[in-house]
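Structure, as structure tokens:
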Protein chains: 2
Amino acid sequence: MENKHATLTAAMEDYLKAIYELQATTGTTTTTALATALNISAASATNMIKKLAELKLARHSPYRGVELTTAGEKIALEVVRHHRLIELFLHQALGIPWDEVHVEAHKLEHVLSDNLENHIADFLGDPTKDPHGDPIPSKAGIIADRERESLADGAPGARVTIQRVGAQDPARLRYLRELGIVPQARVNIVAHAPFEGPVRVRTEDGAEHALDRGLARQIWVAEKSRPKTRVHAPRKMIKGSRQ
Amino acid sequence: MENKHATLTAAMEDYLKAIYELQATTGTTTTTALATALNISAASATNMIKKLAELKLARHSPYRGVELTTAGEKIALEVVRHHRLIELFLHQALGIPWDEVHVEAHKLEHVLSDNLENHIADFLGDPTKDPHGDPIPSKAGIIADRERESLADGAPGARVTIQRVGAQDPARLRYLRELGIVPQARVNIVAHAPFEGPVRVRTEDGAEHALDRGLARQIWVAEKSRPKTRVHAPRKMIKGSRQ
DNA sequence: GTTAGAATTTAGCCAAGACTAAATTTTGAA
DNA sequence: TTCAAAATTTAGTCTTGGCTAAATTCTAAC
């Protein structure tokens, strides 16, 4: 009765998650964008979109795009929850660096049982953010709003707290980690070079760095230093968990 | 060049593992036994056996049975290593009880990357046994010999150390845990009832229990109290890890 | 308003891995 | 030794989820 989505395949879960994320970041989901995100052909995407529509998990406007239904979004959020819980668990429990957790979590997210999910969430103390600062949806499917301001938006002179790093590329993540630009770090925005030039920031250690504007746009910040929802400490620390 | 088995499907890995385990426990592997173990039809088993034979991972004697080649056994041992490392990790790191780890590990074993495998083995201190006492093959594919003596074989009066519990059924595992019959526990064999009757044993707490002969045959022991290869302590303890 | 090019869908194909039913081989009891 | 039952294999089918090529629809530049 309730297990209708116990029958969803890993491929379907991947599609739902991808549609959700495209919707969340770019507003709409076109067939081509979805195909690109999943690294498949557009024809394959159309095919699956029609299946998901039949299952009432998505709405398909032919030639226009896709949208998740409430049911589809619920499942997408479950997959996102799995993914981010696993990322945080691997980071906290095994000390796996933040640039490696995504690819591991992607493989594990579809085979995480409810039982194991609960054990992990419990172990981590019901965390609300993953190592990149992305919000972890609650068991009930509630997810925190996205930040509105990026490093590229902050006014020169502003003192901000890094909230979320949207970059996925491991090399860029390692670079940012190197600079100390990770969630909860404080940085000063020094200046924005003109003509879409780099953004200069000063990190806590006093060093100044110039970040590509495109990269800066993927780094989300909060102006105030009010203690926003943060990554909870795990029940017990296991290993020195550097990023 | 080396990644020829990066292309193996999860189904193939399951077959190789099942053939390996049937070979190890019962000596031979028939099509029907394999099909039963994997809960599929005999026709499906034949089909896959032929595929594995083409890949030189198994030898097929039509109507007689299957056997792994050296290459096939190597892969089977890798899968077994994954499975048992995951079982131990879930048990140690998350406190998941020993009767639940098998089903979780089965889902995770096929998506464990080399990187993650190494992190886990490192975290656990390169363990040699899983929570049931089953040996964990080394990275190189070396696996400890099986015990020769079960609780059903031990002479009355013998003082033995539990080495390995072969039962898989969660209910039975919970029962044995209840009695304190877990790897490394010491028990005295009191008597064997005639006509294949129960085996009476006394556990360390002084209580006496009667075990079904079939169950006793799945509990492997060592007579001497020499410290056999044991489950290594993890690098750091995380949670009280009860069975 | 046409119309070329981009985006999308349709049509048809393929491989994996399951199934059932039918054919074949092996085995063990009489 | 024979032969029926059990075990195994063969033949043919199905579903999933990819693919390419061709057809269709949308869109933006003229």
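Scanning the range B:134-171 for residues that are closer than 17 Å to B:H82 by Cβ, out of contact with any Leu (no Cβ under 8 Å at 6 or more places or on another chain) and buried (at least 20 other Cβ atoms within 10 Å of the Cβ) yields B:D134, B:P135.
Taken over the range B:36-60, the criterion of being more than 9 Å from DNA strand C (Cβ to nearest atom) and farther than 27 Å from B:I136 by Cα is satisfied by B:K50, B:E54, B:H60. Quick check on the range A:39-66: of everything there that is near DNA strand D (Cβ under 8 Å from one of its atoms) and among the polar types (S, T, N, Q), which residue is nearest to the other protein chains (Cβ to nearest Cβ)? Out of the qualifying residues, it is A:N39. Tell me, please, whether a residue that is within 13 Å of DNA strand D (Cβ to nearest atom), at pLDDT below 95, away from chain A (no Cβ under 14 Å) and more than 15 Å from the chain's Cα centre (by Cα) can be found in the range B:15-26. The answer is no; no qualifying residue exists.
Within the set of pairs 6 or more residues apart or between chains, which connect a residue that is more than 25 Å from B:V201 (Cα to Cα) inside the range B:140-155 to a residue that is modelled with pLDDT of 95 or more and not small (G, A, S) with Cβ atoms less than 6 Å apart? The qualifying pairs are B:G141/B:K74; B:G141/B:L77; B:I143/B:P135; B:I143/B:P137; B:A144/B:P135.
For every residue, the table says whether it meets (1) more than 15 Å from the chain's Cα centre (by Cα); (2) closer than 19 Å to B:Q23 by Cβ; (3) not β-branched (V, I, T).
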site	(1), (2), (3)
B:K50	yes, yes, yes
B:L55	yes, yes, yes
B:T70	yes, yes, no
B:R81	no, yes, yes
B:Q92	yes, no, yes
B:D99	no, no, yes
B:L116	yes, no, yes
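Residues of the range B:94-106 that are outside any helix (DSSP H, G or I), within 11 Å of another protein chain (Cβ to nearest Cβ) and in contact (Cβ under 8 Å) with a residue 12 or more places away in the chain: B:G95, B:P97, B:E100.
Summed over the range B:176-205, the residues that are more than 16 Å from B:P156 (Cα to Cα) and either small (G, A, S) or not assigned by TED's automatic domain parsing to the domain that holds B:P156 (or both) give a count of 2. Of the residues in the range B:190-197, not one is buried (at least 16 other Cβ atoms within 10 Å of the Cβ) and hydrophobic (A, V, I, L, M, F, W, C).
Is it fair to say A:V79 is among the hydrophobic types (A, V, I, L, M, F, W, C), touching a Leu at 6+ places or on another chain (Cβ under 7 Å) and under 25 Å from B:S113 (Cα atoms)? Considered against the rule, which asks whether it is among the hydrophobic types (A, V, I, L, M, F, W, C), touching a Leu at 6+ places or on another chain (Cβ under 7 Å) and under 25 Å from B:S113 (Cα atoms), A:V79 comes out as yes. Just to be sure before I move on: is A:H91 free of Cβ contacts under 8 Å to residues at least 12 places away in the same chain, within 12 Å of chain B (Cβ to nearest Cβ) and not acidic (D, E) in the structure I sent? No, not satisfied. Exactly one of (1) among the charged types (D, E, K, R); (2) out of contact with any Gly (no Cβ under 8 Å at 6 or more places or on another chain); (3) surrounded by fewer than 21 Cβ atoms within 10 Å (Cβ to Cβ) is unmet by B:E87. Its number? Failed condition: (3).
Applying the criterion of being more than 15 Å from DNA strand D (Cβ to nearest atom) and touching a helix residue (DSSP H, G or I) at 6+ places or on another chain (Cβ under 7 Å) to the residues of the range A:78-88, the residue that is nearest to the other protein chains (Cβ to nearest Cβ) is A:I86.
This table checks each residue for (1) within 11 Å of DNA strand C (Cβ to nearest atom); (2) crowded, with 16+ Cβ neighbours inside 10 Å; (3) not aromatic (F, W, Y).
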| site | (1), (2), (3) |
| --- | --- |
| B:E13 | yes, yes, yes |
| B:Y20 | no, yes, no |
| B:T30 | yes, yes, yes |
| B:L34 | yes, yes, yes |
| B:R64 | yes, no, yes |
| B:L68 | no, yes, yes |
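Among the residues making up the range B:36-46, those that are surrounded by 14 or more Cβ atoms within 10 Å (Cβ to Cβ) and either in the same structural domain as B:V165 (by TED's automatic domain parsing) or over 25 Å from B:W220 (Cβ atoms) (or both) are B:I40, B:A42, B:S44, B:A45, B:T46.
Mind counting the residues in the range B:47-62 that are assigned to a helix (DSSP H, G or I) and crowded, with 17+ Cβ neighbours inside 10 Å?
4
Residues in the range A:107-117 that are at the interface with chain B (Cβ under 9 Å from one of its Cβ atoms), assigned to a helix (DSSP H, G or I) and surrounded by fewer than 21 Cβ atoms within 10 Å (Cβ to Cβ): A:K107, A:H110, A:V111, A:N115.
Of note, B:V182 does not satisfy the criterion of being outside any loop (DSSP other than H, G, I, E, B) and either at pLDDT 95 or above or more than 17 Å from B:H91 (Cα to Cα) (or both). Evaluated against (1) in a helix (DSSP H, G or I); (2) more than 14 Å from chain A (Cβ to nearest Cβ); (3) buried (at least 19 other Cβ atoms within 10 Å of the Cβ), B:P131 falls short on exactly one condition, (1).
The values are calculated or read from the model by the stated rules, or taken from the named source; none is laboratory data. For clarity, every value in this text was computed on a predicted model and none was experimentally measured. Backbone-built Cβ (ideal geometry, glycine too); neighbour counts: all protein chains shown.
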